[in-house]
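Written below as structure tokens is the structure these notes are about.
The values are calculated or read from the model by the stated rules, or taken from the named source; none is laboratory data. Because the structure is a prediction, the values reported are computed rather than measured. In this analysis, Cβ positions are derived from the backbone assuming ideal geometry, glycine residues included, and neighbour counts consider all displayed protein chains. The accessibility values were calculated without ligands, DNA or RNA, using every heavy atom of the protein model including side chains. Shrake-Rupley method; radii C 1.70, N 1.55, O 1.52, S 1.80 Å.
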Amino acid sequence: MDVLENYTGHVVPEGPAARRTLDALTITKISVGPMDNNAYLLVCRSTNEALLIDAANDYERLSDLFGHIPNRPRLRTIVTTHQHADHWQALGALAGAHGSNTVAHELDAAVLPVPPDVLVEHGDTINVGEVPLSIIHLRGHTPGSIAVVYDDPNGHPHLFTGDSLFPGGVGKTTSADNFASLINDVEDRIFAVLPDDTWFYPGHGDDSTLGKERPSLAEWRARGW
């Protein structure tokens, strides 16, 4: 598989992956499946252990991210951001092939094709190798939607938002109450806590930063669900 090293946050279905290299971690983004789902491979540069966020679809393309050389990354963990089926079509196959631990929030766990090995809640920490990642529970798109944060000590935070936050607005909700829950959590647990230079990686489409989106928060709330 071709992997572009000039990371912009834009990938296309059937196109090359894109890799961002940080001091402690690499982040590789790929688009898979008919709904243009993003999957993110995080690899600890010290241990070569890997964590995948959303085994969304296309087992073969996701497997190609690891390569076939003896020192390829070891997929120890797969995180599912939420219960919607377009985000876990390859979960069972990848977890089975690599013996990976699977991670999800309890409120979305029952729908997944394999029971999570690890249930997480808001404020929990998981690790990819030696790199800690924090869990943010964002209620509204689904009951158990989560985001994952890597707070780079030598740079800015990196936030993986699933379908709860996109450039241009929060994720889809099915009621006014669910929308209120999601917009409140996005404001209180993301924008009120993380700085403007936080780069965020959504479940579909291109990336953005919190600083670029922050001026639109009032507009999003007024727009409603």
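Residues in segment 111-121 that are touching a strand residue (DSSP E or B) at 6+ places or on another chain (Cβ under 8 Å) and either surrounded by 15 or more Cβ atoms within 10 Å (Cβ to Cβ) or in a strand (DSSP E or B) (or both): Leu112, Val114, Pro116, Val118, Leu119, Val120.
Do you know which of the residues in segment 127-146 that are touching a Leu at 6+ places or on another chain (Cβ under 6 Å) and open to solvent by less than 20 Å² (accessible area, probe 1.4 Å) is nearest to Tyr201 (Cα to Cα)? So, considering only residues that are touching a Leu at 6+ places or on another chain (Cβ under 6 Å) and open to solvent by less than 20 Å² (accessible area, probe 1.4 Å), the one nearest to Tyr201 (Cα to Cα) is Ser145.
Taking segment 180-225 as the range and being part of a helix (DSSP H, G or I) and touching a Gly at 6+ places or on another chain (Cβ under 6 Å) as the test, the residues that pass are Ser181, Leu182, Trp220. Taking first residues from segment 190-214 that are over 24 Å from Asn37 (Cβ atoms) and partners that are among the basic types (Lys, Arg), the Cβ contacts under 8 Å between residues at least 6 apart in sequence or on separate chains come to Phe191/Arg214; Asp196/Arg214. Thr28 - would you say it is over 15 Å from the mean Cα position of the chain (by Cα) and of a type in the set (Ser, Thr, Tyr)? In short, no. You will find that of Val43, Val3, Val79, the residue that is modelled with pLDDT under 95, within 27 Å of Pro153 (Cβ to Cβ) and hydrophobic (A, V, I, L, M, F, W, C) is Val3 and no other.
Take the conditions surrounded by fewer than 18 Cβ atoms within 10 Å (Cβ to Cβ) and in a helix (DSSP H, G or I) and apply them to Asn154. Does it pass?
No.
Taking segment 166-179 as the range and being in contact (Cβ under 8 Å) with a residue 40 or more places away in the chain, open to solvent by less than 40 Å² (accessible area, probe 1.4 Å) and within 20 Å of Gln83 (Cβ to Cβ) as the test, the residues that pass are Val170, Thr173, Ser175, Phe179.
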